[in-house]
Amino acid sequence: MIPRLPLAVTCGDPAGIGIEVFLAAHEEIDQEIPIVWFGDSQHLPKGNSFTVWSPDKPRVLKPGLNLYQINFKNLAVPGHADPENAAGVINAIKTATNFAREGKVAGLCTAPINKKILKVGANFNFPGHTEYLASLCDVENAVMMLTCPQLRVVPLTIHIPICDVATNITKKLFQTTVKTVCSSLIKDFNIKDPKISVAGLNPHASEGGTIGDDDVERIEPWIAQLRSTGISIFGPNSADTMFHSVARSEYDVAICMYHDQALIPLKTLDFYGGTNVTLGLPIVRTSPDHGTAFDIAGRGLANKKSMVEAIKTADSIIKARYNAN
């Protein structure tokens with residue numbers, strides 16, 4: 001049997017909790033999933049041994065931690081973000097992405113970044129990982145899906161003010177997102193006929209037009225058009241009744257109108273175990289559903305569960321795509 005290509009795990013901001021949750025996750029699943037960490041060896045805690053991995057022999061991994069060296073300007077101090085290290089953070093993501101596109105790694109899982117630090121230190125002009133990866137992969141519309149065992153959610157809009165949500169939700173965005181989600185659930189999650197529930201934009205999904213007209217005049221017709229193509233989609237539904245256990249059993253993914261409408265129910269159900277999956281890319285990409293957590297970095301308080309689940313989810317998608325070919 002030919003050895004498997006490794007999963008790349010990028011270091012994220014080295015002053016955050018990314019390194020410690022990765023090392024804890026790696027210790028748990030080292031023998032189960034081949035992994036290469038993309039980061040700077042100087043940021044590893046003292047006493048951590050490693051083997052330098054070569055993309056020229058991508059399937060050759062040694063027992064223990066395998067590392068692809070990404071040079072950073074400075075040592076990292078837990079909890080103290082350093083803008084001078086921003087270029088290294090970005091380089092780790094770009095290099096791992098390019099290797100995934102070239103078939104040198106099976107996919108990537110990204111540790112958390114801090115967008116403000118990247119912007120200050122390296123003029124990073126993307127709202128987040130998702131948009132940057134879409135640019136690197138020449139994809140117009142990548143889709144962010146958050147998942148845990150009880151729920152999958154997709155926010156149509158992400159990091160924008162709530163007052164801008166309605167104008168940013170266009171027919172093209174809505175229908176392109178739904179089509180991407182549908183095809184990804186079939187290809188990556190082995191769901192043959194995905195059932196998609198759409199949350200209303202306004203309270204009570206506009207209540208027949210008495211609380212705004214967005215849901216009735218815009219979203220309902222868009223849904224009807226998609227349903228006519230064979231997609232199992234229904235709504236818009238009142239968001240306050242969509243996420244209890246009985247309602248969740250009736251769909252495979254919820255399309256939500258804005259960031260918090262999607263993330264509040266998921267994080268309430270599984271605060272530590274949520275996973276971010278980027279749909280619509282030619283490569284596999286996941287990440288933990290948490291930030292850099294500078295306030296607890298280096299204090300031994302970080303929970304590894306989301307990183308473990310992100311790595312396992314990436315591996316599951318990689319296997320699904322392999323078996324489909």
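The values are calculated or read from the model by the stated rules, or taken from the named source; none is laboratory data. Since this is a predicted model, take the numbers as computed values, not measurements. Here Cβ is always computed from backbone atoms with ideal geometry, including for glycine, and neighbour counts include all displayed protein chains. Note: accessible area is taken over every heavy atom of the protein model, side chains too, but ligands, DNA and RNA are not part of it. Shrake-Rupley method; radii C 1.70, N 1.55, O 1.52, S 1.80 Å.
Data overview
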| quantity | calculated |
| --- | --- |
| Region 103-129: number of residues that are touching a residue at least 40 places away in the same chain (Cβ under 8 Å) and not in a helix (DSSP H, G or I) | 12 |
| Any hit, region 42-50, residues being of a type in the set (A, V, I, L, M, F, W, C), open to solvent by less than 50 Å² (accessible area, probe 1.4 Å) and outside any loop (DSSP other than H, G, I, E, B) | no |
| Residues located in region 20-33, provided they are open to solvent by 10 Å² or more (accessible area, probe 1.4 Å) and out of contact with any strand residue (DSSP E or B) (no Cβ under 7 Å at 6 or more places or on another chain) | Glu20, Leu23, Ala24, Glu27, Glu28, Asp30, Gln31, Glu32 |
| Every residue from region 116-138 that is out of contact with any helix residue (DSSP H, G or I) (no Cβ under 9 Å at 6 or more places or on another chain) and buried (at least 20 other Cβ atoms within 10 Å of the Cβ) | Thr130 |
| Qualifying positions in region 79-107 - over 20 Å from Thr130 (Cα atoms), open to solvent by 70 Å² or more (accessible area, probe 1.4 Å) and touching a helix residue (DSSP H, G or I) at 6+ places or on another chain (Cβ under 9 Å) | Glu84 |
| Residue match in region 106-115 (condition: within 17 Å of Cys11 (Cα to Cα) and in contact with a Phe, Trp or Tyr (Cβ under 7 Å, 6 or more places away or on another chain)) | yes |
| Residue ID - farthest from Asp193 (Cα to Cα), chosen from residues in region 208-236 that are in contact (Cβ under 8 Å) with a residue 24 or more places away in the chain and assigned to a helix (DSSP H, G or I) | Asp214 |
| Neighbours by Cβ (under 6 Å, 6+ apart or cross-chain): first from region 253-272, free of Cβ contacts under 8 Å to residues at least 12 places away in the same chain and of a type in the set (A, V, I, L, M); second in a helix (DSSP H, G or I) and surrounded by 18 or more Cβ atoms within 10 Å (Cβ to Cβ) | none |
| Complete set of residues in region 251-284 that are aromatic (Phe, Trp, Tyr) and either touching a Phe, Trp or Tyr at 6+ places or on another chain (Cβ under 9 Å) or open to solvent by less than 10 Å² (accessible area, probe 1.4 Å) (or both) | Tyr251 |
| Complete set of residues in region 145-156 that are assigned to a strand (DSSP E or B) and open to solvent by less than 20 Å² (accessible area, probe 1.4 Å) | Met145, Leu146, Thr147, Cys148, Leu151, Val153, Val154, Pro155 |
| Residue match in region 201-224 (condition: under 19 Å from Met145 (Cβ atoms), out of contact with any Phe, Trp or Tyr (no Cβ under 8 Å at 6 or more places or on another chain) and surrounded by fewer than 22 Cβ atoms within 10 Å (Cβ to Cβ)) | no |
| Residue satisfying all of: in region 297-325; open to solvent by 40 Å² or more (accessible area, probe 1.4 Å) and not in a helix (DSSP H, G or I); nearest to Gln31 (Cα to Cα) among these | Lys304 |
| Region 213-249: number of residues that are of a type in the set (D, E, K, R) and over 17 Å from Thr177 (Cβ atoms) | 4 |
| Residues being under 17 Å from Phe22 (Cα atoms), at pLDDT 95 or above and part of a loop (DSSP other than H, G, I, E, B) - total across region 54-68 | 1 |
| Residue count for region 285-296, restricted to those that are open to solvent by 20 Å² or more (accessible area, probe 1.4 Å) and in a strand (DSSP E or B) | 0 |
| Output for region 237-250, where each listed residue is touching a residue at least 12 places away in the same chain (Cβ under 8 Å), open to solvent by 20 Å² or more (accessible area, probe 1.4 Å) and either outside any helix (DSSP H, G or I) or under 16 Å from Leu201 (Cα atoms) (or both) | Asn237, Ser238, Ala239, Asp240, Phe243, Glu250 |
| Members of region 160-184 found to be open to solvent by 10 Å² or more (accessible area, probe 1.4 Å), closer than 27 Å to Ala247 by Cα and not polar (S, T, N, Q), listed by number | Ile162, Ala166, Lys171, Leu173, Lys179, Cys182 |
| Given (1) of a type in the set (S, T, N, Q); (2) part of a helix (DSSP H, G or I); (3) open to solvent by less than 50 Å² (accessible area, probe 1.4 Å), number of the condition Ser197 does not satisfy | (2) |
